[in-house]
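**Q** Take this structure first; my questions come after.
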Amino acid sequence: QVQLVESGGGLVQAGGSLRLSCAASGRTFSINAMGWYRQAPGKQRELVATITSVGTTAYADSVKGRFTISRDNAKNTVYLQMNSLNPEDTAVYYCTTSIRNSGRAPWHNYWGQGTQVTVSS
């Protein structure tokens, strides 16, 4: 059984910072690219940032220069450092990744439970 457990959300004032973490546990033989999505009330879930297994990153235009995604492969953990937050960043943030539990097993996609980020003006 594989689980993605997120932490680090909360309430912050505009201009502030938060750091989200997402740790994968269970049978994690190999972890592929990892990413963060977010979903604001009444809006579709949108991609925020991704990072490959070798550290190549990509960002949504709306967060470029403010957010930084990173990962610690030894800890099976992905992070999202969010700076200069504004009220438009308010959403539930989800981490996602593909994992296989052996060298010959297929890849399976997993999602975290989500963590709320609220930015007050």
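The values are calculated or read from the model by the stated rules, or taken from the named source; none is laboratory data. This structure is a prediction, so every number in the text was calculated from the model and none was measured. Using ideal geometry, Cβ is built from the backbone for each residue, glycine included, and neighbour counts are taken over all protein chains shown. Surface accessibility is based on the protein's heavy atoms, side chains included, excluding ligands, DNA and RNA. Shrake-Rupley method; radii C 1.70, N 1.55, O 1.52, S 1.80 Å.
**Q** So, in the stretch 74-91, of the ones that are free of Cβ contacts under 8 Å to residues at least 60 places away in the same chain and under 13 Å from the mean Cα position of the chain (by Cα), which residue ends up most open to solvent (accessible area, probe 1.4 Å)? Walk me through how you get there before you give the answer.
**A** Within the stretch 74-91, the first condition is being free of Cβ contacts under 8 Å to residues at least 60 places away in the same chain, and the residues that meet it are 74-78, 88-91.
Narrowing the set further to residues that are under 13 Å from the mean Cα position of the chain (by Cα) leaves 76-78, 91.
Values: Asn76: 41, Thr77: 13, Val78: 1, Ala91: 2 Å².
Here the residue is Asn76.
**Q** If you don't mind, there's one more thing I want to ask. Restricting the search to the stretch 82-120, which residues are under 27 Å from Gln13 (Cα atoms) and among the aliphatic types (A, V, I, L, M)? Break it down stepwise before answering.
**A** To start, the set of residues in the stretch 82-120 that are under 27 Å from Gln13 (Cα atoms) comprises 82-96, 112-120.
Listed by number, the residues that qualify are Met82, Leu85, Ala91, Val92, Val117, Val119.
**Q** A follow-up question, please. Determine which member of the set Arg38, Arg71, Arg104 is open to solvent by 40 Å² or more (accessible area, probe 1.4 Å), basic (Lys, Arg) and not in a loop (DSSP other than H, G, I, E, B).
**A** Details: Arg38 fails: open to solvent by 40 Å² or more (accessible area, probe 1.4 Å); Arg104 fails: not in a loop (DSSP other than H, G, I, E, B).
Being open to solvent by 40 Å² or more (accessible area, probe 1.4 Å), basic (Lys, Arg) and not in a loop (DSSP other than H, G, I, E, B) holds for just one of Arg38, Arg71, Arg104, which is Arg71.
**Q** For residues in the stretch 41-66 being of a type in the set (Lys, Arg) and either within 17 Å of Val119 (Cβ to Cβ) or in a strand (DSSP E or B) (or both), which is least open to solvent (accessible area, probe 1.4 Å)? Even if it seems obvious, please write down each step before you answer.
**A** Within the stretch 41-66, the subset of a type in the set (Lys, Arg) is 43, 45, 64, 66.
Cutting the leftovers down to either within 17 Å of Val119 (Cβ to Cβ) or in a strand (DSSP E or B) (or both) gives us 43, 66.
Values: Lys43: 136, Arg66: 42 Å².
Among those residues, the one meeting the criterion is Arg66.
**Q** Within the stretch 19-32, count every residue that is touching a Leu at 6+ places or on another chain (Cβ under 9 Å), open to solvent by 30 Å² or more (accessible area, probe 1.4 Å) and either free of Cβ contacts under 8 Å to residues at least 12 places away in the same chain or not charged (D, E, K, R) (or both). Full working, then the answer.
**A** First, the residues of the stretch 19-32 that are touching a Leu at 6+ places or on another chain (Cβ under 9 Å): 19-25.
Next, from what is left, pick out any that are open to solvent by 30 Å² or more (accessible area, probe 1.4 Å): 19, 23, 25.
From what is left, the residues that are either free of Cβ contacts under 8 Å to residues at least 12 places away in the same chain or not charged (D, E, K, R) (or both) are 23, 25.
Number of matching residues: 2.
**Q** Which one of the conditions (1) in contact with a helix residue (DSSP H, G or I) (Cβ under 9 Å, 6 or more places away or on another chain); (2) among the β-branched types (Val, Ile, Thr); (3) open to solvent by less than 20 Å² (accessible area, probe 1.4 Å) does Thr118 fail to meet, given that it meets all the rest?
**A** Here Thr118 clears every test but (3).
**Q** Does Thr68 fit the bill of being of a type in the set (Ser, Thr, Tyr) and either under 24 Å from Pro106 (Cβ atoms) or within 10 Å of the chain's Cα centre (by Cα) (or both)?
**A** Details: of a type in the set (Ser, Thr, Tyr): yes; either under 24 Å from Pro106 (Cβ atoms) or within 10 Å of the chain's Cα centre (by Cα) (or both): no.
Spelling it out, it is not the case that Thr68 is of a type in the set (Ser, Thr, Tyr) and either under 24 Å from Pro106 (Cβ atoms) or within 10 Å of the chain's Cα centre (by Cα) (or both).
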